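The values are calculated or read from the model by the stated rules, or taken from the named source; none is laboratory data. What you see is a predicted model, and the numbers here were worked out from it, not measured in a lab. Here Cβ is always computed from backbone atoms with ideal geometry, including for glycine, and neighbour counts include all displayed protein chains.
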Amino acid sequence: MGMDVLTVGVGLLSFGIFLLVHLITFRWVRPEHLLKSLLACVMAIMVCPVVLMRIFFVSKILDAPVLAWVCAAVLALVIQGLLCFVYVLCIFGPYETSVRMRLIREIAQSGREGVPRQELLGRYNAETIVNIRLQRLIGSGDIIEKDGLYQVSSKKNFFFIFDAIAGVIKKWIGR
């Protein structure tokens, strides 16, 4: 087995461990703490590729210089990080926050009986949707509520990074 196969394998295995931990912990997390929980899970599992590579290095499953092992651990960490990023951005994010996806899930769960339009309108009126979003944003610490007014917290997070990147791109394209 070559170092390249081991590197990719460790990256994939680490991502698999992340998914398992996330799916187990996801059941006990309140909706307003989902983002914090997900971020904590990603950060905790980031040590997994390094630990696995260390175990494989000590057990001498491959004869390679130490620098090769260090580079392989870093690359496995990058692979795992990218897979986590794609999972959060393309799978978990839309599944958890998309009203459209939630509507489809609920309609599908109702089976052949279907769901009356009035029931859907009762569940998904603007007030309900805004309240759910506000609870999540307050729970994650992105916004604060003071005297019935909402403000962005002073704490910086990943959303601000994406917003800054989007702002730079908009400047580049002239919009």
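Data overview
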| read-out | value |
| --- | --- |
| Residue match in the range 36-43 (condition: without any contact (Cβ under 8 Å) to a residue 40 or more places away in the chain, polar (S, T, N, Q) and in contact with a helix residue (DSSP H, G or I) (Cβ under 7 Å, 6 or more places away or on another chain)) | yes |
| Among the candidates THR7, THR25, residue that is under 30 Å from ASN131 (Cα atoms), in contact with a helix residue (DSSP H, G or I) (Cβ under 7 Å, 6 or more places away or on another chain) and either free of Cβ contacts under 8 Å to residues at least 24 places away in the same chain or surrounded by 15 or more Cβ atoms within 10 Å (Cβ to Cβ) (or both) | THR25 |
| Flag if LEU62 is hydrophobic (A, V, I, L, M, F, W, C), surrounded by 14 or more Cβ atoms within 10 Å (Cβ to Cβ), outside any helix (DSSP H, G or I) and touching a residue at least 60 places away in the same chain (Cβ under 8 Å) | yes |
| Residues that are surrounded by 17 or more Cβ atoms within 10 Å (Cβ to Cβ), touching a Phe, Trp or Tyr at 6+ places or on another chain (Cβ under 9 Å) and either among the aliphatic types (A, V, I, L, M) or not in a helix (DSSP H, G or I) (or both), drawn from the range 75-104 | ILE79, LEU83 |
| LEU39 among the hydrophobic types (A, V, I, L, M, F, W, C) and surrounded by 14 or more Cβ atoms within 10 Å (Cβ to Cβ) | yes |
| Test: residue in the range 42-50 that is within 30 Å of GLU119 (Cα to Cα), in contact with a Gly (Cβ under 8 Å, 6 or more places away or on another chain) and of a type outside the set (Lys, Arg) | no |
| Subset tally (residues that are surrounded by 19 or more Cβ atoms within 10 Å (Cβ to Cβ) and farther than 22 Å from PHE18 by Cβ) for the range 42-59 | 0 |
| Index of the failed condition, TRP172 passing every other in (1) modelled with pLDDT of 80 or more; (2) of a type outside the set (Ser, Thr, Tyr); (3) touching a helix residue (DSSP H, G or I) at 6+ places or on another chain (Cβ under 6 Å) | (3) |
